[in-house]
Amino acid sequence: MTFNSEQMAVVSQAVAMAEDLVSDYYKLSASELRQLNYDVKTAADLGARETVVDHFAQIVRYRAEKQNAVLITSAQDFYKICVQDHSILACLEKHSAMALYPFLVYVICHELVHVVRFKRFQQRFDVPDEQKKTEEARVHRITHEILAPRRIKGMAPVFAFYGNWLTAAEKS
């Protein structure tokens, strides 16, 4: 299952909203946002390594190196946010109270928070599973902080869906 053309338009809107919200939260200028070195892709543009079954999105890190570079420090990380259409569409079928747009805003906002934290060295990309769980709870809390003050139609069911993660974040 992949997003159809109408759903892809919703993806574009959700990405734009998530970028604005995360940028506002972290006080990022337009150039700082570009320096995060990321892209958002859906199933139609994902390779086998970028597709997973059990997540709504994942971040794959690539190393961008300048051609003929002498220093390793000239290499930069590039993050691809891989939206998993099939998982999102299946979830929305099961949870009819949720709509595509607010769900995507949450998912993409969540992944962008990860990218900001990686780029600011607030969290390493490769960590043991136990640290990943703690980081996931932390990022869900931050995502909720970003989205809660906004009046995004249909966000309440999304918050309810992610309620367990928010509870875990409050405990950590």
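Think of each Lys and Arg Cβ as +1 and each Asp and Glu Cβ as -1; about the Cα centre, that makes the dipole of region 101-154 roughly 320 debye.
Ordering 115, 14, 102 by Cα displacement along the dipole of the chain toward the positive end leaves 115 in first place; charges were set at the Cβ atoms of Lys, Arg (+1) and Asp, Glu (-1).
Normalized C-alpha radius of gyration of the chain, against 2.2 N^0.38 Å? Present the calculation step by step, with values, prior to reporting the outcome.
Details: Rg = 16.2 Å, N = 172, 2.2 N^0.38 = 15.6 Å.
Relative to the 2.2 N^0.38 Å estimate, the chain comes out at 1.04.
Loop-located trypsin sites (Lys or Arg not before Pro) in region 81-127 (DSSP state other than H, G, I, E, B) with a sparse environment of at most 12 neighbouring Cβ atoms within 10 Å: 120, 124.
Any chance you could count the Lys pairs in the chain whose alpha carbons are under 17 Å apart, treating pairs 8 or more apart or on different chains as valid?
Working: 27/119; 41/80; 80/119; 119/132; 132/171; 133/171.
The result is 6.
Dividing the summed helix terms, -39500 (n - 2.57) for each DSSP H run of n ≥ 4, by the number of residues in the chain produces a 222 nm estimate of -17000 deg cm²/dmol to the nearest 500. The relative contact order of the chain comes to 25 percent, based on Cα pairs under 8 Å that sit 6 or more residues apart.
In the elastic network of the chain, a GNM with C-alpha springs shorter than 10 Å, the most mobile of 19, 136, 32 is 32.
What share of the DSSP beta bridges in the chain is antiparallel, in percent to the nearest 5?
Numbers: 8 of 12 bridges.
Here the share of antiparallel DSSP bridges comes out near 65 percent.
Can you name the helices of the chain, as whole DSSP H runs, whose Cα span along the helix axis is 20 Å or more and whose Kyte-Doolittle mean is not below 1.0? Correct list, ordered by number: 100-119. Dipole size of region 1-116 about its Cα centre, with +1 on Lys/Arg Cβ and -1 on Asp/Glu Cβ: approximately 300 debye, rounded to the nearest 20.
Cβ under 14 Å from residue 45's Cβ, residue 45 left aside: what net charge do those residues give with Lys, Arg +1 and Asp, Glu -1? Write out the running numbers ahead of the final one.
Working: positive: 41, 49, 80; negative: 39, 50, 85.
Summing Lys/Arg as +1 and Asp/Glu as -1 gives 0.
Only the coordinates and a few stated rules stand behind these numbers; no lab work does. Bear in mind the structure is a predicted one, so any value in this text is a computation, not a measurement. Heads up, the Cβs are rebuilt from the backbone with ideal geometry, glycines too, and the neighbour counts pull from every protein chain shown.
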